[in-house]
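Q: Starting off with a structure, shown below.
The values are calculated or read from the model by the stated rules, or taken from the named source; none is laboratory data. Keep in mind that what you see is a predicted model, and the values were worked out from it rather than measured. Don't worry about glycine lacking a Cβ; one is built from the backbone with ideal geometry, like all the others, and counts go over all protein chains shown.
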Amino acid sequence: MYKTIMGELTRKDAFDGDLLVDEPMRRHTTLRIGGPADVYAAPADMVSLKNLLASLRDENVPAMPLGGGSNLLVSDEGIEGAVISTASLNNIEVIEEDDLQARLFAEAGVPLSRLMNLAKQKGWKGIEGLAGIPGSLGGAVRGNAGSFGYEMKNVIESVTVIDGKGNILPISREHLGFGYRAANIPDGAVILSANMRFQKDDEQKVASRVNDFLREKLAKQPVSQLSAGCVFRNPRGSHAGMLIDRAGCKGMRRGDIEVSGLHANFFVNMGSGTCADFAALMEEVRERVLKSSGIELEPEIKIAGRNAER
Ligand SMILES: Cc1cc2nc3c(=O)[nH]c(=O)nc-3n(C[C@H](O)[C@H](O)[C@H](O)COP(=O)(O)OP(=O)(O)OC[C@H]3O[C@@H](n4cnc5c(N)ncnc54)[C@H](O)[C@@H]3O)c2cc1C
């Protein structure tokens, strides 16, 4: 069926970009874990994305958006249906800029690091603490990425999504209901773009804050190893990393997955780790933390794919 969908799209000249069958997801996640997606598509432009989503909808094929794959644990058994990468949707446009503020339009696949560099160069404040967070703008909006008290929501005015029925909808900041690592995006919707507003500051002050946060991140997190960032959400009033450390879990290992000795809420893939190992280690850490602190940790990473919730 997937080959038919792809054949139709190509025949009608309705799709430009990468369109692959049985594409290993380990190639597209920062953990380097994940079995094959039935279809992996990276549309080159918005029209191709819309045409692709319409074809998938017609055939009832599930579709999962993918940014940088930096918050994802994908099943060893892969993903049913289509994974839609936003990587090629990466235009940025400055809409207006004066002495006080700048307004910006950016597509979902813009790397957060590119946005950060632009803000740093121009002296735009609001997201300095997000320095060093990998992934795309779309992923950062979806999970309201945050660090050092800064959150993506600080600069978002509105986003545009395409919903499961193919409607293109603007969603204003008020309706996005941003919370801790969360935003109200309708199920099955793909974030296409965001409108942002930055307040202006002295360029050197912004750059110095960005550099300080980056230095701290590099010192405290295993950023050069394969991970998907924090595994568990911070419980109200506490820190998952501290609870995991106090439960004696640093250095614990299942197969090639290890609880980082640098930051206990990061699990790192030492080479050939699997989703099964990762999930087993999560379970064991959760049990130990529950026993030692009475607190039940909840996952922060997104777990996706066949039998992922088993
Ligand atoms: C070393 C390291 C450090 C990190 N530090 C932090 C940190 O300090 N703070 C923090 O918050 N996170 C951190 N993370 C986690 C991660 O980088 C962020 O959550 C990031 O914002 C995820 O973006 P992404 O594009 O990689 O999303 P992906 O991993 O590709 O996707 C994450 C989720 O968002 C959905 N999604 C992605 N794009 C779209 C879209 N266009 N429309 C709709 N849904 C979409 C996906 O379907 C999935 O459910 C870290 C990760 C690593 C590896």
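Q: Specify the residue that is farthest from the ligand (Cβ to nearest atom); the eligible residues are those in the stretch 287-304 that are farther than 15 Å from residue 235 by Cβ and touching a strand residue (DSSP E or B) at 6+ places or on another chain (Cβ under 7 Å).
A: 303
Q: Here's something else I'd like to know. From 26, 32, which residue is modelled with pLDDT of 95 or more, at positive phi and surrounded by 15 or more Cβ atoms within 10 Å (Cβ to Cβ)?
A: Being modelled with pLDDT of 95 or more, at positive phi and surrounded by 15 or more Cβ atoms within 10 Å (Cβ to Cβ) holds for just one of 26, 32, which is 32.
Q: Is it true that residue 166 is farther than 21 Å from residue 130 by Cα, in contact (Cβ under 8 Å) with a residue 12 or more places away in the chain and surrounded by fewer than 20 Cβ atoms within 10 Å (Cβ to Cβ)? Spell out the reasoning first.
A: Numbers: farther than 21 Å from residue 130 by Cα: yes; in contact (Cβ under 8 Å) with a residue 12 or more places away in the chain: yes; surrounded by fewer than 20 Cβ atoms within 10 Å (Cβ to Cβ): yes.
So residue 166 passes the test.
Here is a yes/no grid of residues against (1) more than 30 Å from residue 91 (Cβ to Cβ); (2) touching a Cys at 6+ places or on another chain (Cβ under 8 Å); (3) buried (at least 16 other Cβ atoms within 10 Å of the Cβ); (4) assigned by TED's automatic domain parsing to the domain that holds residue 274:
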| residue | (1), (2), (3), (4) |
| --- | --- |
| 188 | no, no, yes, no |
| 205 | no, no, no, no |
| 231 | yes, no, yes, no |
| 234 | yes, no, yes, no |
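Q: Considering (1) in a helix (DSSP H, G or I); (2) of a type in the set (Gly, Ala, Ser); (3) within 12 Å of the ligand (Cβ to nearest atom), say which one residue 54 fails and leave the rest.
A: (3)
Q: If you check residue 60 against the conditions, is it in contact (Cβ under 8 Å) with a residue 24 or more places away in the chain, closer than 26 Å to residue 303 by Cα, part of a loop (DSSP other than H, G, I, E, B) and not hydroxyl-bearing (Ser, Thr, Tyr)?
A: So residue 60 does not fit the description; no.
Q: With closer than 22 Å to residue 205 by Cβ, touching a residue at least 12 places away in the same chain (Cβ under 8 Å) and within 11 Å of the ligand (Cβ to nearest atom) as the only criterion, which of 102, 131 stands out?
A: None of the others qualify; the one that does is 131.
Q: Something else about it: Scan 75, 55 and give me the residue that is at pLDDT 95 or above and of a type in the set (Ser, Thr, Tyr).
A: One residue alone meets the criteria, 75.
Q: Residue 214 fails exactly one of the following numbered conditions: (1) within 15 Å of the ligand (Cβ to nearest atom); (2) assigned to a loop (DSSP other than H, G, I, E, B); (3) at pLDDT 95 or above. What is the number of that condition?
A: Here residue 214 meets the rest and fails (2).
Q: Taking only the stretch 191-229 into account, find how many residues are in contact with a Lys or Arg (Cβ under 6 Å, 6 or more places away or on another chain) and farther than 26 Å from residue 28 by Cα.
A: Final tally of qualifying residues: 6.
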